Amino acid sequence: HKLGPLKILNAHLIAYPTPMNLNYFWNWGSLAGIVLGAQIVTGILLAMHYVSHVDHAFASVVHLMYDVPSGMILRYSHANGASLFFTVVYMHILRGMYYSSGNQPRELVWITGVIILLVMIITAFIGYVLPWGQMSFWGATVITS
């Protein structure tokens, strides 16, 4: 018979009731949130050095890469973090499909997730076009045509 804070710790950390099918696949949603947080932080830091003008956008990226201390690490961590974010989100979706997480009564949760995925894809496209280099230009040309 535990008393006080030990009883609370026991009830919430040791003897916490969990579902039978709880496994490591259930971590993908939390990991997506962590990667999204890293993307937001690196995106804000990148935005501090970005110039949003057609004539100066690419030059501001070059400035970030060569003149800003650790700017190259910042840019590439943001770019690779975007790929990691999509990978983690797709694993999260596959886990949801495997466990039928979109079935009744949670259809609205699944529809909300699909809307978030579409917004995420649009945001990734906008982020890809921002540097306005050759790859950005031709990527935008291919996607929009």
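The values are calculated or read from the model by the stated rules, or taken from the named source; none is laboratory data. As the structure is a computational prediction, the values presented were derived from the model and not from experiment. Here the Cβ is made from the backbone with ideal geometry for all residues, glycine too, and neighbour counts use every protein chain on show. SASA here: full protein model, heavy atoms, side chains in, ligands and nucleic acids out. Shrake-Rupley method; radii C 1.70, N 1.55, O 1.52, S 1.80 Å.
Does any residue of the range 77-92 turn out to be at pLDDT below 95 and not hydrophobic (A, V, I, L, M, F, W, C)?
Checking the range 77-92: not a single residue is at pLDDT below 95 and not hydrophobic (A, V, I, L, M, F, W, C).
Restricting attention to helices (runs of 4 or more DSSP H) lying wholly within the range 59-145, give those where 2 or more residues are open to solvent by 100 Å² or more (accessible area, probe 1.4 Å) and in contact (Cβ under 8 Å) with a residue 60 or more places away in the chain. Walk me through how you get there before you give the answer.
Values: elements: 71-98, 107-129, 134-144.
Qualifying helices (runs of 4 or more DSSP H): none found.
Restricting to the range 38-58, name every residue that is open to solvent by 60 Å² or more (accessible area, probe 1.4 Å), over 10 Å from Pro131 (Cβ atoms) and not charged (D, E, K, R).
Passing the criteria: Ile40, Val41, Ile44, Leu45, Ala47, Met48, His49, Val51, Ser52, His53, Val54, His56.
Mind checking which residues of the range 23-39 are in contact with a helix residue (DSSP H, G or I) (Cβ under 9 Å, 6 or more places away or on another chain) and aromatic (Phe, Trp, Tyr)?
Hits for the range 23-39 are Phe25, Trp26, Trp28.
Taking Val35 and the conditions (1) open to solvent by 50 Å² or more (accessible area, probe 1.4 Å); (2) under 26 Å from Asn21 (Cβ atoms), which numbered condition does it fall short on, given that it satisfies the others?
Of everything listed in (1) open to solvent by 50 Å² or more (accessible area, probe 1.4 Å); (2) under 26 Å from Asn21 (Cβ atoms), Val35 misses just condition (1).
When both residues are 6+ apart or on different chains and their Cβ atoms are under 6 Å apart, which pairs have a first residue that lies in the range 3-27 and is closer than 19 Å to His92 by Cβ, and a second that is surrounded by 11 or more Cβ atoms within 10 Å (Cβ to Cβ)?
Listed pairs, sorted by first residue: Phe25/Arg95.
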